[in-house]
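Peer 1: Quick one: the structure is below, and I'll ask about it shortly.
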Amino acid sequence: MRCPVCKTSSLTTQPLDENLLTLRCPDCEGHWVKSFQYWKWRETQPVADRLESIGGEETMPATDSRAGKLCPECGHFLTRRPVGHGVAFNLDGCGHCGGMWFDKCEWDILQSRSLHRDAHYIFTETWQAEVREANRIELARARLMKLLGEQDYNELMRVARWVRGHEQRPILMAAIRDPELKLIAEVEN
């Protein structure tokens, strides 16, 4: 089998984790994980809640090769899906045979964030919907921060938390939207 990144290097068998044999590229150091090997390995893993210990920053850079890739097993195109959940690279998988390609350090990063047990979920619509929603929220936050500046943004978030937790929230929201609030505020000053 040929490396889907280097195209010419032959993949060689190498363990990636205890009980997980992969095919590794000696040049780019990526790993091809066959579907049956992944599921066999996953059966040996302790049962844990999904995403139980996500957090922290990536401590090593992933090599995330962006070029189109062909599955080394069946020749179909690999699909790229963003990992999300604070991880800034995409994972490549074959929708035909179920294998996954991990560029250099990607497995290590997923493992450090306890995402490696759930790598197969990354290709599901539910996971990708969560990633899109998190990206939408982050873009909105960044846009507000740019428009307001850090100090005013932080004040807005303080007020928003106060309003959200207030027992009279509906009245507060109506008052904020009321054009007469501007007049009242001017008289109060």
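The values are calculated or read from the model by the stated rules, or taken from the named source; none is laboratory data. Keep in mind the model is a prediction, meaning the values are calculated, not measured. Ideal geometry is used to build each Cβ from the backbone, glycine not excepted, and the neighbour counts take in all protein chains shown. For the accessible areas, the whole protein counts, side chains as well, though only heavy atoms, and no ligand, DNA or RNA atoms are used. Shrake-Rupley method; radii C 1.70, N 1.55, O 1.52, S 1.80 Å.
Peer 1: Kindly identify region 105-145 as rounded, prolate or oblate by the Cα gyration tensor criterion: order the square roots of the eigenvalues as a ≥ b ≥ c, call it rounded if a/c is under 1.5, otherwise compare a/b with b/c, prolate if a/b is larger, else oblate. Show your work: numbers first, answer last.
Peer 2: On the way: a/c = 4.09, a/b = 1.74, b/c = 2.35.
Oblate, since a/c reaches 1.5 and b/c is not below a/b.
Peer 1: On the full set of protein chains, 1.4 Å probe, figure out the accessible area of Thr13 and give it in Å² to the nearest 10.
Peer 2: The accessible area of Thr13 comes to roughly 100 Å².
Peer 1: Quick check: from the Cα gyration tensor, does region 139-189 come out rounded (a/c under 1.5), prolate or oblate? The partial results should precede the final answer.
Peer 2: Values: a/c = 2.29, a/b = 1.46, b/c = 1.57.
Cα axes put region 139-189 in the oblate bin.
Peer 1: Continuing with this model, one more query. Give me the 1.4 Å probe accessible area per residue for region 1-47, excluding ligands and nucleic acids, in Å².
Peer 2: Values: 2750 Å² over 47 residues.
Ligands and nucleic acids excluded, the result is 59 Å² per residue.
Peer 1: On to the next question. Rounded to the nearest 0.05, what FRET efficiency do Cys97 and Gln168 give with R0 = 45 Å and r taken as the Cβ-Cβ distance? Could you check?
Peer 2: Numbers: r = 58 Å, r/R0 = 1.29.
Efficiency, from the Cβ-Cβ distance: 0.20.
Peer 1: Work out the FRET efficiency for Val47 and Asp17 from their Cβ-Cβ distance, taking R0 = 22 Å, and round it to the nearest 0.05. Please list the in-between numbers first.
Peer 2: Values: r = 17 Å, r/R0 = 0.76.
The calculated FRET efficiency here is 0.85.
Peer 1: Classify region 1-41: rounded, prolate or oblate, from the alpha-carbon gyration tensor (a ≥ b ≥ c, eigenvalue square roots; a/c under 1.5 rounded; otherwise prolate if a/b is larger than b/c)? Please report the intermediate quantities before stating the final value.
Peer 2: Working: a/c = 2.91, a/b = 1.99, b/c = 1.46.
Here region 1-41 falls in the prolate category.
Peer 1: How many percent of all Cα-Cα pairs in the chain sit more than 30 Å apart?
Peer 2: Numbers: 6848 of 17766 pairs.
Result for the distance tail: 39 percent.
Peer 1: Could I ask something else about it? With the crude spin-label approximation of a point 7 Å out along Cα→Cβ, what separation in nm comes out for Ser9 versus Val187?
Peer 2: 7.5 nm
Peer 1: Distance in nm between label sites at Ala134 and Phe36, each 7 Å beyond Cα in the beta-carbon direction?
Peer 2: 3.3 nm
Peer 1: Another question about this same structure. If R₀ is 25 angstrom, what is the calculated FRET efficiency for the pair Met157 and Asp178, using the beta carbon separation as r and rounding to 0.05?
Peer 2: Working: r = 22 Å, r/R0 = 0.89.
E between Met157 and Asp178, to the nearest 0.05, is 0.65.
Peer 1: Sticking with this one: Could you please state, rounded to a whole Å, how far the C-alpha centre of region 7-32 is from the C-alpha centre of region 128-187?
Peer 2: Taking the Cα centre of each part, region 7-32 and region 128-187 sit 49 Å apart.
Peer 1: With every protein chain kept in the model, how would you rank Thr126, Thr79 by accessible area, 1.4 Å probe, largest at the top? Can you show the working numbers first?
Peer 2: Numbers: Thr126 95, Thr79 50 Å².
Result, largest first: Thr126, Thr79.
Peer 1: Order the following by accessible area, largest value first: Arg141, Arg113, Arg66, Arg2. Probe radius 1.4 Å; ligands, DNA and RNA are ignored.
Peer 2: On the way: Arg141 85, Arg113 10, Arg66 160, Arg2 125 Å².
Solvent-accessible surface, decreasing: Arg66, Arg2, Arg141, Arg113.
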